[in-house]
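Here, each number is a calculation from the coordinates, and none is a lab measurement. Predicted model, so just to flag it, every value in this text is computed and none were measured. Glycine gets a Cβ as well: all are built from the backbone with ideal geometry, and neighbour counts include every protein chain shown.
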Amino acid sequence: MTWSDIYERARTRLDAAAGYYNHNVRVDLSTESVIVRIPIEGADVMDLRLWREQELLPAIAPYVARAPRLVFLSTAPPFQIHEFIEGVVLNDIAPRGVPCPRHVLTDVAELFLQLVDVPRDVLPPIPDEWPADADSAAFARRLTSLTQWVYDTFAEQYRPLFARFEIPDQPLACLTEIWPTLTARPSVCVHADVHRKNIIVNEGGSVFLDWELALWGDPVYDMAVHLHKMDYGDDERDELLLRWSARMPPQHVAGWQPDLRAYLSHEQIKSAVVDTVRYSQLFVANGPWPYAKATMLESMAAKLNAARPYWGISTRITVDEVESALNDWVHDADTRLGSGVSRNRHQYRTG
């Protein structure tokens, strides 16, 4: 079977598993299985992206033990083939609210330590306008600019829904005075997307998938994204931070406590803004649903309530209020947006 044959087989099962940017389809061959990653055409880019995953994986392979191997790359049509990692997705055995296998905490700390050792000169090129090494404040401002760009890009279409959710025009204003206070730490390769659906657990170890959002930046940010997306219990969180801060080189975790809180603030605000758009698109399209609709509604309410204190809002939004707003949005979508929000695609460039 040729690589093209494998791709064509995968294309018949694009609903098998998908993230926001790629379909991930397992194809079983006579002697092994592989994962075919096919870009989702026209996907709205709402995360900062610096490199192409297919260029990054070979670069980090000598330094990062628990990352998938790139087997084949095609540019026309665009797809990647990765080795298939045996095991189970962490989210399947330990969804939010369920403690992770204890080795996961060790493996995460080890991953972040290994990323420190990836030399910049082996990585794909970085644009000249990218924040300078160790300029944590400039790196943070780049994150903020992306989140504000998402808001501004969708503001006209989504203003009624933003208003229902009380999202202000400048949702990140509270961070303007915080970023200059960040401690300067050496920049490293950061994964920036380690969460329960991107971790495969097998034989007492973990493999970390989906490197498409990797960046050159502040290692404390990597931990902040991880904590935000994992939603650990207090004991797990404290244990991970203890292991991580003890193992990382001192200069890479200098001043980490207040800066971790600042990055977490950004992630909470970003989730409220970005997922207002993403979740509403799912409701208009009536799926595909990554979780049950009731879970999605509870999640959206939680995200908005986490961000509201930063906007000076003391009241909490209820799940019923979120459902009512999204149902009204779906009802009015055809007349208000014409072709539908799910077909209006926007791209963000780092440069």
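Brief remarks on what is shown
- Computed lengthening from Phe72 to Ala163, 0.36 nm per intervening residue step minus Cα-Cα distance: 28.1 nm
- Longest exposed-site-free window of the chain, the sites being GluC sites (Glu not before Pro) in a DSSP loop that have at most 11 other C-beta atoms within 10 Å: 204-351
- Pairs of alpha carbons in the range 70-136 whose separation is greater than 16 Å (percent): 73
- The equivalent ellipsoid that matches the C-alpha gyration tensor of the range 86-343 spans semi-axes of 32, 23, 17 angstrom, in descending order.
- Label separation (Thr181 vs Glu55): 3.7 nm, computed from points 7 Å beyond Cα along the C-beta direction.
- Computed about its Cα centre, the charge dipole of the chain is approximately 240 debye, with only Lys, Arg, Asp and Glu carrying charge at their Cβ.
- DSSP H segments from the chain that extend 15 Å or more along their own axis, Cα-based, with Kyte-Doolittle mean of -0.5 or above: 102-116, 136-164, 219-230, 256-285, 293-307
- Of His82, His23, His103, the one that fluctuates the most in a GNM where the chain has Cα springs shorter than 10 Å: His103
- Inter-part distance, the range 190-250 to the range 1-80, computed on C-alpha centroids, equals 22 Å.
- Candidate lysines - alpha carbon under 16 Å from Lys293, same-chain residues fewer than 8 apart omitted: Lys303
- All-pairs Cα distance distribution in the range 225-310, expressed in whole percent, bin size 10 Å: 15, 39, 27, 16, 4
- Placing R0 at 35 angstrom, the Cβ-Cβ distance between Ala134 and Asn202 gives a FRET efficiency of 0.45 after rounding to 0.05.
- A full extension of the chain between Arg96 and Leu242 corresponds to an added length of 50.5 nm, given 0.36 nm per residue minus the alpha carbon distance.
- Simple spin-label estimate for Asp121 and Thr315 gives 6.0 nm between the two label positions (7 Å along the Cα-to-Cβ direction from each Cα).
- Kirkwood Rh (inverse of mean 1/r, distinct Cα pairs), the range 92-184, angstrom: 17.3
- Charge dipole of the chain about the Cα centre (unit charges at C-beta), most positive-ward option of Gln80, Trp289, Val98: Trp289
- Listed residue (Pro58, Ala301, Trp3) projecting farthest to the positive dipole end of the chain, Cβ model: Ala301
- Highest-MSF residue in the chain out of Lys197, Lys270, Lys293 [GNM, Cα springs under 10 Å]: Lys293
- Estimated 222 nm signal from helices in the chain, with DSSP H stretches of n ≥ 4 weighted -39500 (n - 2.57), rounded to 500: -14500 deg cm²/dmol
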